[in-house]
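The values are calculated or read from the model by the stated rules, or taken from the named source; none is laboratory data. Everything numeric in this text was worked out from a predicted model, so none of it was measured. Cβ: placed from backbone, ideal geometry, glycine included. Neighbour counts: every protein chain shown.
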Amino acid sequence: METLKVAVVGLGRAGLPLAAVIADADIMVAGVDLDAERVSRINRGENPLPEEEGLGSLIARHGGVKLVASTSIMDAKDATVYVVIVPLFRDRKHKPDYGFLRAAFKSVASVLKDGDLVVLETTVPPKTTERLVKPILDKSGRVYLLAYSPERIMTGCSISRFREFPKVVGGTTPEATEAAYLFYSRFAKTVVKVKDARTAELVKVAEGVYRDVNIALANELYRVCDNLGVDFWQMREAASHQYCSIHEPGMVGGHCIPVYPWFLINDADVPLIRLARRLNERMAEYYADKASKIAGRGGRVGIVGLSYRTGVREHVHTEAHRLIKALRKRKLQVYGCDPMFSDKEVEDLFGIKPLNDSTKVDALILANKISRRDIPRDRVVDVKNALG
């Protein structure tokens with residue numbers, strides 16, 4: 001792989017950090033994305049994801065040099081490795097929409113050469129690589145290698161994850177697995193080979209399911225503590241040892257944990273996973289009930305923390321929308337703030353009034369681990385124990 005050139009198709013929250021890390025390993029990268037403005041910024045050395053720690057310096061160093069972005073797959077036609085990491089959306093029934101994946105692999109098929117390695121990194125339902133991706137690439141008539149390697153990053157600290165978290169690889173053939181292993185070993189600290197692509201796909205889905213189910217257990221224990229008058233956080237700390245690790249309770253948002261269980265719920269008999277998902281979806285209603293009891297009918301409730309996680313600028317994949325809806329259903333006036341959003345964005349993106357230091361509220365919901373107001377604790381719903 002001395003003359004290795006890599007194409008990364010999809011330069012979003014996961015794809016761009018990946019492309020930057022590969023470029024930082026002294027490998028030429030052709031990045032492909034439909035967003036022309038993002039492409040231009042990358043080539044100018046500007047980071048379009050400022051909240052991603054460590055990414056800015058990599059883009060400044062390699063953007064337009066070792067990482068050259070384009071809106072056309074034709075600018076990546078001389079690559080020998082193609083990594084596809086485009087979004088997989090879902091409909092209202094939680095069924096995956098494979099539109100972007102199909103389009104991405106059709107474009108790769110148009111430039112594929114004999115001996116090329118193609119890797120899918122998007123988190124997908126098991127069997128997707130062999131049943132959806134392979135037939136598309138087979139139409140190219142080329143002899144290629146196909147593997148799956150799930151992205152295992154965390155938004156905000158993606159760069160460090162490539163150096164600290166094992167990279168899992170599994171191919172549709174043993175040769176593809178080995179080729180993927182050698183490729184990722186060029187820039188990832190630890191690479192783990194599994195039997196095949198299907199196994200690698202399930203590794204990532206299982207990780208998300210594990211967390212969702214365990215958060216559901218924490219949420220149930222939290223409600224039990226409420227009923228018994230027990231401090232959940234003190235109980236959790238005292239119960240923790242090498243054989244017991246209780247997760248933090250709360251509303252489960254984000255691109256990953258609330259999504260991946262549906263890949264199994266849709267196609268398998270998994271009653272525990274299904275129940276856990278429903279339990280976590282109901283937590284917004286539970287916190288709304290607690291706030292309603294404090295504020296009273298028609299009261300004013302402020303939400304501190306609107307994104308799904310502290311420090312992440314995301315207004316779509318957050319349970320704040322479900323919480324706002326639940327509060328309004330209880331005839332409460334809703335205000336909100338988050339250091340990641342301006343007052344205007346709070347109004348435009350979340351449809352609520354901004355919460356400022358001068359805003360008088362009857363109850364406050366600390367949805368994330370941030371606190372910027374002095375309010376009596378008996379009027380606070382402290383979701384993440386931000387007050388300690």
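Below is a table of values for the structure above.
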| item | result |
| --- | --- |
| Test: residue in segment 135-143 that is under 16 Å from the mean Cα position of the chain (by Cα), free of Cβ contacts under 8 Å to residues at least 60 places away in the same chain and over 24 Å from Pro96 (Cβ atoms) | no |
| Condition check for Val68: touching a residue at least 24 places away in the same chain (Cβ under 8 Å), more than 12 Å from Ile159 (Cα to Cα) and crowded, with 23+ Cβ neighbours inside 10 Å | no |
| Residue match in segment 241-264 (condition: touching a Pro at 6+ places or on another chain (Cβ under 7 Å), charged (D, E, K, R) and closer than 30 Å to Leu88 by Cα) | no |
| Inter-residue pairs, beta-carbon under 7 Å, first more than 21 Å from Glu319 (Cβ to Cβ) and in segment 356-380, second small (Gly, Ala, Ser) and modelled with pLDDT of 85 or more, 6+ apart | Thr359/Gly302; Asp362/Ala295; Asp362/Gly296; Asp362/Gly299; Arg379/Ala363 |
| All positions within segment 187-198 that are surrounded by 15 or more Cβ atoms within 10 Å (Cβ to Cβ) and modelled with pLDDT of 95 or more | Val191, Val192, Lys193, Val194, Asp196, Ala197, Arg198 |
| Unmet criterion (only one of (1) part of a loop (DSSP other than H, G, I, E, B); (2) in contact (Cβ under 8 Å) with a residue 12 or more places away in the chain; (3) small (Gly, Ala, Ser)) for Gly208 | (1) |
| Set His317, His247: member being touching a His at 6+ places or on another chain (Cβ under 6 Å) and under 23 Å from Asn385 (Cα atoms) | His317 |
| Segment 303-337 - residue that is over 17 Å from Met283 (Cα atoms) and at pLDDT 95 or above and, of those, farthest from the chain's Cα centre (by Cα) | Lys331 |
| Segment 255-299 - residue that is of a type in the set (Asp, Glu) and farther than 18 Å from Val383 by Cβ and, of those, nearest to the chain's Cα centre (by Cα) | Asp267 |
| Top-ranked residue of segment 43-64 - restricted to ones that are among the small types (Gly, Ala, Ser) and assigned to a helix (DSSP H, G or I), ranked as surrounded by the most Cβ atoms within 10 Å (Cβ to Cβ) | Gly56 |
| Which numbered condition Tyr184 misses (of (1) among the aromatic types (Phe, Trp, Tyr); (2) farther than 28 Å from Thr310 by Cα; (3) touching a Leu at 6+ places or on another chain (Cβ under 9 Å)) | (3) |
| Count - residues of segment 146-180 that are assigned to a loop (DSSP other than H, G, I, E, B) and either at pLDDT 95 or above or among the polar types (S, T, N, Q) (or both) | 5 |
| Positions within segment 228-251 being within 24 Å of Glu319 (Cβ to Cβ) and assigned to a loop (DSSP other than H, G, I, E, B), in sequence order | Asp231, Ser245, Ile246, His247, Glu248, Pro249, Gly250, Met251 |
| Only one of Arg297, Arg322, Arg330 that is assigned by TED's automatic domain parsing to the domain that holds Gly250 and either without any contact (Cβ under 8 Å) to a residue 40 or more places away in the chain or among the small types (Gly, Ala, Ser) (or both) | Arg297 |
| Residue that is surrounded by the fewest Cβ atoms within 10 Å (Cβ to Cβ) [pool: residues in segment 102-113 that are of a type in the set (Gly, Ala, Ser) and more than 23 Å from Arg13 (Cβ to Cβ)] | Ser110 |
| Residues being crowded, with 24+ Cβ neighbours inside 10 Å and outside any strand (DSSP E or B) - total across segment 1-13 | 2 |
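Residues are listed down the side, and each one gets a yes or a no for (1) modelled with pLDDT of 95 or more; (2) of a type in the set (Ser, Thr, Tyr); (3) closer than 20 Å to Tyr181 by Cβ; (4) surrounded by fewer than 20 Cβ atoms within 10 Å (Cβ to Cβ):
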site	(1), (2), (3), (4)
Phe89	no, no, no, yes
His94	no, no, no, yes
Gly115	yes, no, yes, yes
Thr122	yes, yes, yes, no
Glu130	yes, no, yes, yes
Pro135	yes, no, no, yes
